[in-house]
Amino acid sequence: MNKVILMGRLTRDPEVRYSQGENALAIARYTLAVDRRFQRNGEQGADFISCVAFGRSAEFAEKWLKQGIKVCITGRIQTGSYTNKDGVKVYTTEVVVEDQEFAESKNSAQSTGADFSGSSRPTPSAASGDGFMSIPDGIEDELPFQ
């Protein structure tokens with residue numbers, strides 16, 4: 001069985017490309033920094049794991065995943081090789097993503113520096129005294145219900 005479960009932070013925004021042809025397929029590549037469980041000489045170590053997602057998973061990554069966000073992914077390890085332009089054979093190892101989900105709340109991510117910009121949703125600081133968030137002016141047209 002080839003099954004991988006990883007939790008870590010994105011080292012950069014996903015790089016997304018689309019295949020050529022009539023039925024273009026989204027392909028997202030990103031790297032996860034996964035903390036090592038044990039420390040050597042008091043230093044925290046991390047492994048940097050290359051991940052690739054296809055189709056809807058790639059589109060999700062393009063839209064929602066940003067540098068610094070902590071995610072949990074499941075997938076499988078895939079190895080391969082190619083010959084580069086200098087004629088040298090290069091071996092690759094990456095995780096093919098089957099499932100990906102957020103591993104922390106939006107507020108936790110913001111305190112670690114993750115970027116969730118572009119959202120017009122109200123923040124918890126906009127909450128009124130009754131425990132509900134107030135809806136900002138002019139957002140009625142964006143609501144999915146009337």
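The values are calculated or read from the model by the stated rules, or taken from the named source; none is laboratory data. Values in this document were obtained by computation on a predicted structure and should not be read as measured data. Positions of Cβ are backbone-derived with ideal geometry, glycine not excepted, and every protein chain shown enters the neighbour counts. Calculation scope for accessible area: heavy atoms of the full protein, side chains included, ligands and nucleic acids excluded. Shrake-Rupley method; radii C 1.70, N 1.55, O 1.52, S 1.80 Å.
Using per-residue counts of other Cβ atoms within 10 Å, averaged over each peptide, order 76-83, 1-8, 94-101 from highest down. Working shown, then result.
Values: 76-83: 10.2, 1-8: 12.4, 94-101: 16.9.
My ranking of the peptides, most packed first, is 94-101, 1-8, 76-83.
Run the simple label-point estimate for Tyr91 and Gln39 please: 7 Å along Cα→C-beta, distance reported in nm.
3.3 nm
Within the stretch 52-87, what residues put their amide N at less than 17 Å from the label point 7 Å along the Cα-to-Cβ vector of Asp13?
So the set is 58-70.
Carbon and sulfur atoms: what percent of the 1.4 Å accessible area of the stretch 33-107 do they account for?
Working: 2380 of 5210 Å².
Roughly 46 percent of what the probe reaches on the stretch 33-107 is carbon or sulfur.
Let's see if you can work this out: charge +1 on each Lys and Arg Cβ, -1 on each Asp and Glu Cβ, no other charges. What is the dipole magnitude of the stretch 1-80 about its Cα centre, in debye to the nearest 20? Can you show the working numbers first?
Values: 13 positive and 8 negative charges, 54 e Å.
It works out to roughly 260 debye.
Probe of 1.4 angstrom, ligands and nucleic acids ignored: what's the accessible area per residue over the stretch 39-92, in square angstrom?
On the way: 3720 Å² over 54 residues.
Using a 1.4 Å probe on heavy atoms only, each residue of the stretch 39-92 averages 69 Å².
How do Cys72, Cys51 stack up against each other in accessible area, from largest to smallest, with a 1.4 angstrom probe? Before the final figure, lay out the partial values.
Working: Cys72 35, Cys51 0 Å².
Putting Cys72, Cys51 in descending order of accessible area: Cys72, Cys51.
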